[in-house]
């Protein structure tokens, strides 16, 4: 994989969500991603960044454009040092929520992207990595 | 707009602003006695679960105040994404544009629709 854009963002308050969304959009536009995939990606980013803010107390986002073979894509890593998720399988189910959301965040975001990885340790934090391929 | 309120969301809202909109809008429904609320979201590039919840709340609260909610102007890419996200918009009517949304609301108010049109006050 080669990298073109590489940008670090921090999510500390609600306004950061909009900034994050805009940066992701710029990266998606730059690699020529179509409007539907762009919209799916930005929506997923909005869900995951908000999760991080609400449940993880904020965190950091690493935004990169990536290449695999002839495919180009946008990769985003969300990292927080929050309480972690005790039961990831449960958290990935539609409608499951411990907070005030609708419980669509994680499972919904997973459906909207090409690749989705989640790792969480209670007391340490949560890392979510997503990739949306340009034509994926 | 007479008995309907028209709200055009011009920019992507951050969460607190969306909550403020929800509150203001319900106050306006109460104050004006509007029978319908049209929310034009054609300028929104995404509708995530939070925005979806706000729209659902507006519809539910308006409904208690005897007003119907129609969301108009959703971008095709937003519609596709909403389905995949798995976000239902219960109690929310949708229409392609403001004209059709207006027609939908008008059609749902059989009683008081004499020949008076919607833009008198």
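The values are calculated or read from the model by the stated rules, or taken from the named source; none is laboratory data. As the structure is a computational prediction, the values presented were derived from the model and not from experiment. Reconstructed Cβ throughout: ideal geometry from the backbone, glycine too, with neighbour counts over all protein chains shown.
Could you check residue A:99 against (1) within 14 Å of chain B (Cβ to nearest Cβ); (2) surrounded by 19 or more Cβ atoms within 10 Å (Cβ to Cβ); (3) modelled with pLDDT under 95; (4) part of a loop (DSSP other than H, G, I, E, B) and say which number it fails?
It is condition (2) that residue A:99 fails.
Among the residues of the range A:105-124, is any surrounded by fewer than 24 Cβ atoms within 10 Å (Cβ to Cβ), more than 9 Å from every other protein chain (Cβ to nearest Cβ), on the phi > 0 side of the Ramachandran plot and without any contact (Cβ under 8 Å) to a residue 24 or more places away in the chain?
The answer is no; no qualifying residue exists.
Being assigned to a helix (DSSP H, G or I), surrounded by 13 or more Cβ atoms within 10 Å (Cβ to Cβ) and out of contact with any strand residue (DSSP E or B) (no Cβ under 8 Å at 6 or more places or on another chain) is the filter here, so list the residues in the range B:1-22 that pass it.
B:15, B:17, B:18, B:19, B:22
Scan the range A:78-91 and tell me whether some residue there is crowded, with 18+ Cβ neighbours inside 10 Å, assigned to a helix (DSSP H, G or I) and over 14 Å from the mean Cα position of the chain (by Cα).
Yes, the range A:78-91 has at least one match.
Taking into account only those residues within the range B:29-66 that are touching a helix residue (DSSP H, G or I) at 6+ places or on another chain (Cβ under 7 Å) and in contact (Cβ under 8 Å) with a residue 40 or more places away in the chain, which is farthest from residue A:36 (Cα to Cα)?
B:36
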